[in-house]
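Peer 1: Quick one: this structure, given as structure tokens, is what I'll be asking you about.
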Amino acid sequence: MKDLNICIIGCGYIGMNILEESIKYTNNIMVCEINKEKLDSIEFNIKKCMHIKNLKPFDTETFYFICVDTPLIKTNNDESYLSIDNIINVFEKLSNKLKKNDTIIIESTINPNNKNIEILINIIESNTKFKNGVDINIVLSPERVSPVYENTANQNKILVKHIATLNINEQILKLKNFYKNIYKDVVLLSNNTY
């Protein structure tokens, strides 16, 4: 696993957990965080940048962990929804950095409906020559509770990590092996419609 290339976009609660686990298994890590104070507080010796446009991708396949905020938006009729605007923004900026066999893992909390997934897939497929599940992988694996911190009250509740993907291929199996270092079990969900 030492040859794994990992890029973490968003270093809040979930992004930092992924960083703390990743550093144990690979030296090929970069983070992208728009909050300068957060970025400066990262003490690990890794590549850092504030904006995706300044991101210098690795030469070989990379796992991009998307860990940006998805705020709860209230509508005029007292309903609410999770906004994926920040994820859309990341996908638009990241699309020109991607190469064949890259994997984008959405760790941000989103409503896993087909409309949200289709929006994100369309951004990548319309801005690149890549096809999801063939040339690259877009994976839905939103996090709810940190599996890392032992002082977390819910630490024993997160025993299984679910990964929803179009196809199970070599990159997805590498991702599964990475997650097995963090979770007691990893379940792969493969479906043509997620």
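The values are calculated or read from the model by the stated rules, or taken from the named source; none is laboratory data. Computed from a prediction, not measured in an experiment: that's the story for all the values here. Note: ideal-geometry Cβ built from the backbone for every residue, glycine included; neighbour counts use all protein chains shown. Ligands, DNA and RNA are stripped out before the accessible areas are found, and what is left, the full protein with its side chains, is counted by its heavy atoms. Shrake-Rupley method; radii C 1.70, N 1.55, O 1.52, S 1.80 Å.
Peer 1: Longer than 29 Å from Cα to Cα, which of 56/131; 36/131; 47/129; 129/176 are they? Say none if no pair is.
Peer 2: The answer is 36/131.
Peer 1: Set Lys and Arg Cβ to +1 and Asp and Glu Cβ to -1, take the dipole of the chain about its Cα centre, and tell me which of 103, 117, 49 lies farthest positive.
Peer 2: About the Cα centre, the residue reaching furthest to the positive side is 103.
Peer 1: Only helical DSSP H runs with n ≥ 4 go in: add -39500 (n - 2.57) per run for the chain, normalise by residue count and round the 222 nm mean residue ellipticity to 500 deg cm²/dmol.
Peer 2: Calculated at 222 nm, the ellipticity per residue is -8000 deg cm²/dmol.
Peer 1: Once you have the Cα-Cα distance between residue 88 and residue 118, take 0.36 nm times their residue separation minus that, and quote the gain in nm to one decimal.
Peer 2: 9.7 nm
Peer 1: Where the accessible area of the stretch 1-107 is counted over protein heavy atoms with a 1.4 Å probe, how much of it, in %, is carbon and sulfur?
Peer 2: Result for the stretch 1-107: 47 percent of the exposed heavy-atom area is carbon or sulfur.
Peer 1: Over all distinct Cα pairs, what is the inverse of the mean 1/r for the stretch 76-122, reported as the Kirkwood hydrodynamic radius in Å?
Peer 2: 12.2
Peer 1: Here is a follow-up. Based on the Cβ-Cβ distance from residue 25 to residue 100, what FRET efficiency comes out when R0 is 22 Å, to the nearest 0.05? Show your work: numbers first, answer last.
Peer 2: On the way: r = 23 Å, r/R0 = 1.05.
The calculated FRET efficiency here is 0.40.
Peer 1: Rounded to the nearest whole Å², what accessible area per residue is found for the chain with the 1.4 Å probe?
Peer 2: 53
Peer 1: So if I place +1 on the C-beta of Lys and Arg and -1 on the C-beta of Asp and Glu, and nothing else carries charge, what would the dipole magnitude of the stretch 1-134 be about its Cα centre? I want it in debye, nearest 20.
Peer 2: Dipole size: approximately 540 debye.
Peer 1: List, largest first, the extents of the alpha carbons of the chain along their principal axes, each in whole Å.
Peer 2: 44, 41, 35
Peer 1: Shape call for the stretch 51-141 from the C-alpha gyration tensor, a ≥ b ≥ c root eigenvalues: rounded (a/c under 1.5), prolate (a/b greater than b/c) or oblate? Could you put the intermediate results ahead of the total?
Peer 2: Values: a/c = 2.32, a/b = 1.85, b/c = 1.26.
In terms of gyration-tensor shape, prolate.
Peer 1: In nm, what is the difference between 0.36 nm times the number of residues separating residue 169 and residue 72 and their Cα-Cα distance?
Peer 2: On the way: separation 97, 0.36 × 97 = 34.92 nm, distance 3.37 nm.
So the extension gain works out to 31.5 nm.
Peer 1: Still on this model: Residue 37 to residue 81: extension gain in nm, 0.36 nm per residue of separation minus the Cα-Cα distance?
Peer 2: Fully extending the segment from residue 37 to residue 81 adds 13.0 nm.
Peer 1: Taking the highest mean first, how do the peptides 6-19, 84-97 order by number of other beta carbon atoms within 10 angstrom per residue?
Peer 2: Working: 6-19: 22.4, 84-97: 18.2.
Averaged packing, sorted descending, gives the order 6-19, 84-97.
Peer 1: Now for a separate question. Rounded to the nearest 0.05, what FRET efficiency do residue 185 and residue 48 give with R0 = 30 Å and r taken as the Cβ-Cβ distance? Could you check?
Peer 2: Once rounded, the FRET efficiency stands at 0.40.
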